[in-house]
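Notes for the one structure printed next.
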Amino acid sequence: TEIYTLSLHDALPILRWFAAASLLAPTGAAASWLFVSQGRTREMLRCGLVGQLLSVLSLALGLPWGPVGVAASAAIFSLPIQGVMVWGATRNGPVSLTHFTDMLLPIGLSTVISAALVYAASLQVQQWGLHPLIALTVGLLTAYSSAALALCATPRGRRIIGNARRAAQLLRAGGQAA
């Protein structure tokens, strides 16, 4: 009930921590796809239970510091929680941890570059005192363009963009070969 009494300004640190925690969620989802596609759902359940125990532990450890502490603890624990899923998904089967990290490296690098540039743009927009909708537009344009440019900088990144383009074509074609 304490969170309901916070103003939006007071909630910003909580939102920042949860946003940081959410950055690794796609990694866990990709690991889950590996488990399911390989028929290893029993192992997925075990890794998921370990992850949930770590999640409960993180929340309990953050409680003494209130809502911000809970959010910070969740963000910090997101690394081992998703790490357990990735380790479990890649320890057996055709996709190794090296394959998995090689796949994610360009995306992770573009995310870091994009986040840094969005942060810098937000400081500049704040200094200029622009209308919030203009600030949002600047942030979105900065995020998407910088991520795309960062991906274009490496062969693997360009391959990711090509695969995304082909997937979009398949979706537009209704799942038939484009």
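Among the protein heavy atoms, those of Leu54 account for about 40 Å² of accessible surface (1.4 Å probe, every chain in place).
As a fraction of the 1.4 Å probe accessible area of the stretch 45-87, surface on carbon and sulfur atoms comes out at 82 percent. Relative to one another, the C-alpha centroids of the stretch 1-72 and the stretch 126-158 are positioned 26 Å apart. The relative contact order of the stretch 115-178 comes to 23 percent, based on Cα pairs under 8 Å that sit 6 or more residues apart. Dividing the convex hull volume of the alpha carbon atoms of the stretch 107-178 by its residue count gives 89 Å³ per residue. Each principal axis of the Cα atoms in the chain has its own extent, and those three values, largest first, are 49, 40, 30 angstrom.
Secondary-structure-derived ellipticity at 222 nm for the chain, considering helices only, amounts to -28500 deg cm²/dmol, per-run term -39500 (n - 2.57) for DSSP H runs with n ≥ 4.
Overall size of the stretch 42-102 from C-alpha positions, given as principal axis extents largest first: 43, 26, 9 Å. For the pair Ile134 and Ala115, the difference between a 0.36 nm per residue extended length and the Cα-Cα distance amounts to 5.0 nm.
The values are calculated or read from the model by the stated rules, or taken from the named source; none is laboratory data. This structure is a prediction, so every number in the text was calculated from the model and none was measured. The protein model used for the area step is the full one, side chains on, heavy atoms only, and it has no ligands, DNA or RNA in it. Shrake-Rupley method; radii C 1.70, N 1.55, O 1.52, S 1.80 Å.
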